[in-house]
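I'd like to ask you about the structure that follows.
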Amino acid sequence: MGLPYKIATLLYCFNPQDEVLLLERRQEPNLGYWSPCGGKLDTESGESPCACACREAFEELGLKLTTADLHLTGIVSEHGYLGQAHWLMFLFEVMLKLTELPPPHREGRFQFFPVSALPSLRVPQTDQEQIWPLFWQHRGGFFAAHCRTFPDGHNEWTLEQSFRAGFPIRCGGVS
């Protein structure tokens, strides 16, 4: 029997010092790990990834965003993550700088971190291996990557598309 496919958005938010906002998760997936906030698409209603990102920004951060406030930096597909599901994730950078730490949320607590602190944080293995490095390399551009996960813990990665800064791909608000 095949695994279900889950579709989600991740929001990469920064403060004026360019520190990244992470959520220490109180729920699965990734309980106890630091990750960007975000959530699953409402597939029953036909919600778009951009609409999901805006909804999640409001629910988790209290931010009222439009699609023009987002930059689609990457799409990551994970095959068989933790043997539970396949994931399709849309990675959005929120273009507005956050000036305050959001209050704790039912899904966890927030904290800003300098980029230099990321290697010492407890983050999901796939984030550490490739998602964070690809995000930094393509910030302002776009990438698509696929990860095939295996029960023994190793992962095989394929970079399917790569456009460095200078090729903005946005969901809306392009004039």
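The values are calculated or read from the model by the stated rules, or taken from the named source; none is laboratory data. Source: prediction; values computed, not measured. Note that we place each Cβ from the backbone using ideal geometry, even for glycine, and neighbour counts take in every protein chain shown. Surface areas here come from the heavy atoms of the whole protein model, side chains and all, with no ligands, DNA or RNA. Shrake-Rupley method; radii C 1.70, N 1.55, O 1.52, S 1.80 Å.
Select from region 56-72 the residues that are among the hydrophobic types (A, V, I, L, M, F, W, C) and more than 14 Å from the chain's Cα centre (by Cα) and write down the one among them that is most open to solvent (accessible area, probe 1.4 Å). Break it down stepwise before answering.
Initially, region 56-72 is screened for residues among the hydrophobic types (A, V, I, L, M, F, W, C), giving 57-58, 61, 63, 65, 68, 70, 72.
So of that shortlist, the ones also more than 14 Å from the chain's Cα centre (by Cα) come out as 58, 61, 63, 65, 68.
Details: Phe58: 107, Leu61: 23, Leu63: 38, Leu65: 22, Ala68: 47 Å².
The extreme case among them is Phe58.
Let me ask something else about it. Of the conditions (1) open to solvent by less than 10 Å² (accessible area, probe 1.4 Å); (2) polar (S, T, N, Q); (3) in a loop (DSSP other than H, G, I, E, B), Asn30 fails just one. Which one is it?
(1)
Filter region 18-27 down to residues that are in a loop (DSSP other than H, G, I, E, B) and surrounded by 12 or more Cβ atoms within 10 Å (Cβ to Cβ) and give me whichever is modelled with the lowest pLDDT.
Step one: list which residues in region 18-27 are in a loop (DSSP other than H, G, I, E, B), which gives 18-19, 26-27.
Within this subset, residues satisfying the condition of being surrounded by 12 or more Cβ atoms within 10 Å (Cβ to Cβ) are 19, 26.
Numbers: Glu19: 98, Arg26: 92.
In this case the residue turns out to be Arg26.
Could you run through region 148-164 and say how many residues are without any contact (Cβ under 8 Å) to a residue 40 or more places away in the chain and in a loop (DSSP other than H, G, I, E, B)?
Residues in region 148-164 being without any contact (Cβ under 8 Å) to a residue 40 or more places away in the chain and in a loop (DSSP other than H, G, I, E, B): 4 in total.
Say whether the condition of being open to solvent by less than 50 Å² (accessible area, probe 1.4 Å), closer than 16 Å to Asn15 by Cα and assigned to a strand (DSSP E or B) is met by at least one residue in region 140-147.
no
Kindly state which strands (runs of 3 or more DSSP E) lie completely within region 63-127 and contain at least 3 residues that are of a type in the set (Val, Ile, Thr) and at pLDDT 95 or above. If you could, list the steps in order and put the result at the bottom.
Details: elements: 70-81, 85-97, 108-113.
Hits in region 63-127: 70-81.
Restricting the search to region 1-17, which residues are assigned to a loop (DSSP other than H, G, I, E, B) and either closer than 25 Å to Asp69 by Cβ or more than 20 Å from the chain's Cα centre (by Cα) (or both)?
First pass over region 1-17, keeping only residues assigned to a loop (DSSP other than H, G, I, E, B): 1-4, 15-17.
Result: Met1, Gly2, Leu3, Asn15, Pro16, Gln17.
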